[in-house]
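Have a look at the structure below, then the notes.
The values are calculated or read from the model by the stated rules, or taken from the named source; none is laboratory data. Because the structure is a prediction, the values reported are computed rather than measured. Glycine also receives a Cβ, built like all others from the backbone with ideal geometry; neighbour counts cover every protein chain displayed. Heads up: the accessible areas ignore ligands, DNA and RNA and are worked out on the full protein's heavy atoms, side chains in. Shrake-Rupley method; radii C 1.70, N 1.55, O 1.52, S 1.80 Å.
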Amino acid sequence: MSDYRFSAQRGALIEEIRGRGVTDLELLRLFDLVPRHLFLPEGVWNRAYEDAPLPIGYGQTASQPSLQARSLQALSPGSGDRVLEIGTGSGFFTALLSRLSDRVFSVERIRELSLRARKALDGLEIRNVALLVGDGSIGWRKYAPFDVITVAAASPSVPAALVDQLAPGGRLLLPVGTREAQDMLLVTRDSEGELHEEVAIPDCTFVPLLGRYGWSDEEPGGRR
Ligand code: SAM
């Protein structure tokens, strides 16, 4: 998995992530182990270890690494967990999740991004990831329930279909708000099946979740 190009930049990124309050050593080490540049278009490799969202084509972005680290901290995926990711994008977060959990099921609506992510994951011999091209706002019922569900696109509300696919003890993290600004909500289902909701990470901005339980493709300003 290791690719030791950009090692000084990676060290600086890890320090930046630590400065954002992520202190778990296993999590920090992941950002050294998984080479982010291999998931990005070559044109932005020189920026791959900046703590910034970066363009990946098709109007989409790879998320900011420190936000991803904070998301992993909130979700705490474990070695036996089944994870559902909505919005594969570059596949970098998919790779991080694959190192922390048993299996990752990841859905992306843009075929070209999914294919590119598959190539990067294969190149690193990551074998515990299933990818699907489709509308992730409805989840992936065939493999439900999931211990962890993570959504990398902003939703107007918490999609009921995703909550339905959350296992007892499960954690769902997603940005909810307007198209312009969101808070990351953490929805947990306790062992009795009761749901709890809290703001885990305030004030963030994601690309919109398009689809049945997200925003309409045709109405840039409106809610579905
Ligand atoms: N974690 C990814 C990364 O670091 O590369 C972030 C990807 S980007 C912020 C969000 C992705 O969600 C985009 O690739 C977009 O196409 C995808 N997306 C939006 N709505 C979706 C939907 N309903 N189903 C699946 N993917 C969706």
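For residue 162, the criteria (1) surrounded by fewer than 18 Cβ atoms within 10 Å (Cβ to Cβ); (2) outside any strand (DSSP E or B) hold in every case but one, which is (1).
Taken over the stretch 131-155, the criterion of being in contact with a strand residue (DSSP E or B) (Cβ under 8 Å, 6 or more places away or on another chain), open to solvent by 20 Å² or more (accessible area, probe 1.4 Å) and closer than 19 Å to residue 102 by Cα is satisfied by 131, 132, 140, 143, 144, 145, 147.
Of the residues 28, 38, which is more than 10 Å from the ligand (Cβ to nearest atom), farther than 15 Å from residue 206 by Cα and open to solvent by less than 30 Å² (accessible area, probe 1.4 Å)? Reasoning before the result, please.
Working: 38 fails: open to solvent by less than 30 Å² (accessible area, probe 1.4 Å).
Only one candidate passes the filter, namely 28.
Filtering the stretch 88-125 to residues that are in contact (Cβ under 8 Å) with a residue 60 or more places away in the chain and away from the ligand (no atom under 12 Å from the Cβ) leaves 99, 100, 123, 124, 125. Do we find that residue 135 is away from the ligand (no atom under 14 Å from the Cβ) and not hydroxyl-bearing (Ser, Thr, Tyr) in this structure? It is false that residue 135 is away from the ligand (no atom under 14 Å from the Cβ) and not hydroxyl-bearing (Ser, Thr, Tyr).
Under the condition of being over 23 Å from residue 181 (Cα atoms) and assigned to a helix (DSSP H, G or I), the residues counted in the stretch 130-159 number 3. Looking across the stretch 81-123, the residues that are open to solvent by 20 Å² or more (accessible area, probe 1.4 Å) and more than 19 Å from residue 140 (Cα to Cα) come down to 99, 112, 116, 119, 122, 123.
Checking each residue in the stretch 53-94 for being farther than 20 Å from residue 183 by Cα and in a helix (DSSP H, G or I) picks out 92, 94.
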